[in-house]
Structures are given as C-alpha cells and as structure tokens.
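The values are calculated or read from the model by the stated rules, or taken from the named source; none is laboratory data. Source: prediction; values computed, not measured. Here the Cβ positions follow ideal geometry from the backbone for every residue, glycine too, while neighbour counts run over all protein chains shown.
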Amino acid sequence: MSVESLFDHYYQRATTPIRNTKFGREQRGSLDIRHVVEDDEFRQMTHKIILRDGVASCVWREQEWGLAENSLDVTHFADGIVSQVSLRHTGEEVTGLKVSLTRNEWLISDPDFRLPFIFGRSDMETWYRAKDFKMRLNRVRLAWDYVTKHTFPVRDYGIDKAKAEHVYKGVKYRIELDEVIRLKIDGDLTRNVEWRSELSGDEVRDLFAYATGESWMDGWDPVAGVINKR
C-alpha cells in the first residue's frame with residue numbers, strides 16, 4: 001500500500017463518527033494538510049499529515065503521556081526513504097531522542113487504528129539519552145521486523161558492539177560505532193549513513209524548536225544538519 005493510501009485510510013477512520021476525534025483539512029498552495037486530534041481520556045494525540053502536490057511529504061505528531069511528559073515526532077518522506085525524529089520532553093526539557101530510518105514500502109497500517117502508519121520493518125533505530133547536559137547514544141538496533149519480531153541489537157542493555165555485520169531478508173548491514181554511527185546498507189537499496197553519537201544541549205534545543213514550530217514542514221535538512229557527521 002502506498003504511503004498516500006495509508007494516509008487516506010487513517011483519515012477515513014479518524015473521521016468516523018464513533019471515534020472521539022476532531023479533524024479538519026486545509027490547502028496551503030501545494031500543501032494538502034490534514035489535522036486529527038484524538039482524545040481517549042487516557043492520552044491525547046495530535047497529527048498533522050502533509051502532502052505536497054499530492055505526494056506524501058511529512059507527518060507531525062504530538063502525544064501527551066501524562067505526568068507532564070509529552071513526545072513530538074516528525075517524519076519525512078523522500079525518494080522512498082523514511083526519516084523520523086522523536087523527542088521525549090517535559091515542558092521544554094528534552095529527556096530523550098530517537099532517530100529512525102526505514103522505507104516507504106515497509107510502512108503498514110496501525111492495527112490499533114491510532115496512527116497513520118507504523119514501521120513494518122526498519123533499517124535502523126537509534127535512541128539517545130540526556131546525560132551531563134548532552135544527548136548521548138544509548139541504544140541501536142538494525143533490521144526490525146514487526147511481523148517476525150526479528151531485530152539485531154548493536155548497543156543495548158548488556159550489548160555493546162563496536163563493529164558488526166548482519167543480513168536479513170536480502171539486506172546486508174555493516175555498522176561501526178564510535179563517535180559516529182557508520183552504517184552501510186546493501187541490497188535492493190544501497191546507502192551509507194553517518195550519524196553522530198553525541199549531541200550538545202544547544203543542538204537538542206534546535207531540534208526541539210524545529211519540532212515545536214512549523215519549520216518541519218519545509219524539510220528534513222535542519223535535522224540532517226544536526227545528526228549527520230560533520
């Protein structure tokens with residue numbers, strides 16, 4: 001199913017009268033913007049889904065978890081690649097960060113009907129934790145598969161691999177971890193990824209400002225400028 005079809009199906013479900021949602025749609029030039037706010041009394045989620053000239057461009061999500069803890073997610077779609085940044089925060093203090101990489105064809109419908117899509121598979125997911133006024137790499141996993149629950153942890157509790165190789169369903173991953181996450185992907189899609197393993201407090205604040213304003217609509221470049229190796 002195309003990303004655009006996933007968006008259509010989600011919005012159709014969200015506008016069903018039995019759902020506790022508020023929704024709307026607007027056109028800003030080439031942008032088709034759909035808003036959905038859902039409150040099930042346990043959590044509140046707000047989505048903004050953007051198509052540019054009829055093509056999936058980006059999705060923004062804000063979720064309230066309770067006890068003043070919230071999360072912000074921004075997902076961008078470009079050339080079949082899906083890039084996502086997620087920030088966990090209390091007020092304006094960011095306590096955690098996740099950056100993920102997947103592909104358009106690996107997105108699937110959410111079985112719980114709460115989200116426009118979930119990752120059916122992903123190439124890489126990385127988690128960062130705030131420590132000593134910086135955001136430092138805490139976990140890395142490759143080749144997540146929602147159906148089989150397969151994954152290949154590179155850094156996790158009790159696991160810390162400086163270098164590793166892994167093959168899953170015809171995709172070969174080679175990764176090295178030091179000051180930079182160096183990932184090489186081979187298969188039907190060949191790609192090199194180099195993300196930093198530590199971010200400064202100012203850089204994290206820049207990401208928070210990006211996700212809380214509307215500059216996220218303009219593209220992924222501000223995120224890439226922070227997380228990519230310099």
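Tabulated results
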quantity	calculated
Odd one out for Ala130, checked against (1) closer than 19 Å to Leu97 by Cβ; (2) of a type in the set (A, V, I, L, M); (3) at pLDDT 95 or above	(3)
Strands (runs of 3 or more DSSP E) lying entirely in region 115-230 (those with 1 or more residues that are under 15 Å from the mean Cα position of the chain (by Cα) and among the hydrophobic types (A, V, I, L, M, F, W, C))	121-131, 134-145, 191-196
Tabulated pairs, region 168-196, first touching a residue at least 60 places away in the same chain (Cβ under 8 Å) and more than 17 Å from Ala224 (Cα to Cα), second among the β-branched types (Val, Ile, Thr) and not in a loop (DSSP other than H, G, I, E, B), C-beta under 7 angstrom, 6+ apart or interchain	Ile185/Val171
Residues of region 126-157 classified as within 24 Å of Val204 (Cβ to Cβ), hydroxyl-bearing (Ser, Thr, Tyr) and exposed (fewer than 15 other Cβ atoms within 10 Å of the Cβ), total	1
Top-ranked residue in region 113-164 [being β-branched (Val, Ile, Thr) and free of Cβ contacts under 8 Å to residues at least 24 places away in the same chain; ranked as farthest from Val59 (Cα to Cα)]	Ile159
Answer from Met45, Met1 - the residue that is touching a helix residue (DSSP H, G or I) at 6+ places or on another chain (Cβ under 9 Å), closer than 24 Å to His76 by Cβ and at pLDDT below 95	Met1
Selection from region 57-99 of residues that are over 26 Å from Val3 (Cβ atoms) and either out of contact with any Ser or Thr (no Cβ under 9 Å at 6 or more places or on another chain) or free of Cβ contacts under 8 Å to residues at least 12 places away in the same chain (or both)	Gly66, Leu67, Thr90, Gly91, Glu93, Val94, Thr95
Options Val94, Val74; residue that is assigned to a strand (DSSP E or B), within 20 Å of Gln44 (Cα to Cα) and at pLDDT below 95	Val94
